[in-house]
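Beneath this line is the structure, given in structure tokens, with notes to follow.
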Amino acid sequence: MWMWPMMGGWGAMPWWGALIMTLFWAVIVAGIVVFIVWIVRNISAHAPTQAGQNRALELLNERYARGELTRDEYLQMRHDLEG
């Protein structure tokens, strides 16, 4: 005589229950991944980059070369940018 496990051979949970559980965990994992990506992007967006600082100094030098800034303004802004 053949002995079937609980619930007619499908184990402890019907097939749709397993599907719901799989979807539940997929949503949890996807949410964690999205949260980590969001954190990394926010941290990198607020971190000063060397390229950004170099570009700011280039613009400052161009403005000084065109005569838009006095020497004192230029030196003060350069001092502010270099920290």
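The values are calculated or read from the model by the stated rules, or taken from the named source; none is laboratory data. Remember, it's a predicted structure, so these values are computed and weren't measured experimentally. Neighbour counts run over all protein chains shown; Cβ positions are idealised from the backbone, glycine included. In case anyone asks, the SASA skips ligands and DNA or RNA and just uses the protein heavy atoms, side chains included. Shrake-Rupley method; radii C 1.70, N 1.55, O 1.52, S 1.80 Å.
Which members of region 42-60 meet the condition of being modelled with pLDDT of 90 or more and open to solvent by 70 Å² or more (accessible area, probe 1.4 Å)?
Correct list: Glu58, Leu59.
If you check Trp2 against the conditions, is it aromatic (Phe, Trp, Tyr), more than 34 Å from the chain's Cα centre (by Cα) and either modelled with pLDDT under 90 or surrounded by 10 or more Cβ atoms within 10 Å (Cβ to Cβ) (or both)? Let's see the steps before the verdict.
Numbers: aromatic (Phe, Trp, Tyr): yes; more than 34 Å from the chain's Cα centre (by Cα): yes; either modelled with pLDDT under 90 or surrounded by 10 or more Cβ atoms within 10 Å (Cβ to Cβ) (or both): yes.
Yes.
Return the residues of region 5-19 that are at pLDDT 65 or above and open to solvent by 100 Å² or more (accessible area, probe 1.4 Å); say none if nothing qualifies.
Trp15, Trp16
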